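A quick write-up on the structure given underneath.
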Amino acid sequence: MYKTCTVCGSIHLFNSNRCQKNKYKTGFDGNPRKDLGHKLRQNFRLVKLVKLFKEDNKNLCALCLLDGVVRSKQIEVHHIEPLKNRPDLAYDYDNLICLCSLHHKLAEKGVYSKDYLRKIKPPLGV
């Protein structure tokens, strides 16, 4: 069976996982966006856990609470140990922290250490 490639427009075998003009392999095994962490984030159980975790923390950023200022209403849940490195901690409340989008980006870049994030994490129920 053949398919038309969405990248180059030519026809490839359906199970073929390479396109000469596409810099990435197609399919789960080669697409960098679909690593194990990405797959876990799509899991209904984790989506529900994240929603509950935000509610338990009253949708407040832990780092903004230290400053006493709420900068953003867009709260995200950050895994202190990244999912791609530690998928076994995906559902662990102790590995989660609520951050605003600004602080979440900084935490992803490594501006805040994992130990610091664990230390400042407020108790549940703020």
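Each residue in the range 82-106 was checked for being touching a Lys or Arg at 6+ places or on another chain (Cβ under 7 Å) and within 14 Å of Lys121 (Cβ to Cβ), and 2 of them qualify.
Return the residues of the range 74-118 that are part of a helix (DSSP H, G or I) and among the hydroxyl-bearing types (Ser, Thr, Tyr); say none if nothing qualifies. So that I can check it myself, show each step before the final result.
Step one: list which residues in the range 74-118 are part of a helix (DSSP H, G or I), which gives 87-89, 93-95, 101-109, 114-118.
Answer for the range 74-118, where residues must be part of a helix (DSSP H, G or I) and among the hydroxyl-bearing types (Ser, Thr, Tyr): Tyr93, Ser101, Tyr116.
Any residue that is surrounded by fewer than 18 Cβ atoms within 10 Å (Cβ to Cβ), in contact (Cβ under 8 Å) with a residue 12 or more places away in the chain and among the small types (Gly, Ala, Ser) - is there at least one of those in the range 87-100? Within the range 87-100, not a single residue is surrounded by fewer than 18 Cβ atoms within 10 Å (Cβ to Cβ), in contact (Cβ under 8 Å) with a residue 12 or more places away in the chain and among the small types (Gly, Ala, Ser).
Against the numbered list (1) in contact with a Lys or Arg (Cβ under 8 Å, 6 or more places away or on another chain); (2) more than 18 Å from Lys58 (Cβ to Cβ); (3) not small (Gly, Ala, Ser), Val77 comes up short only at (2). Once the range 57-82 is narrowed to residues that are more than 14 Å from His104 (Cβ to Cβ) and crowded, with 16+ Cβ neighbours inside 10 Å, the residue that is modelled with the highest pLDDT is Glu81.
Under the condition of being surrounded by 13 or more Cβ atoms within 10 Å (Cβ to Cβ), among the basic types (Lys, Arg) and at pLDDT below 90, the residues counted in the range 40-56 number 1. Among the residues of the range 53-67, the ones that are more than 17 Å from Lys119 (Cβ to Cβ) and acidic (Asp, Glu) come to 2 in all.
Of everything in the range 107-126 that is hydrophobic (A, V, I, L, M, F, W, C) and out of contact with any Lys or Arg (no Cβ under 7 Å at 6 or more places or on another chain), the residue that is nearest to Glu55 (Cα to Cα) is Leu124.
The values are calculated or read from the model by the stated rules, or taken from the named source; none is laboratory data. Small disclaimer: the values here were computed from a predicted structure and weren't measured. Cβ atoms come from the backbone with ideal geometry, glycine included; neighbour counts cover every protein chain shown.
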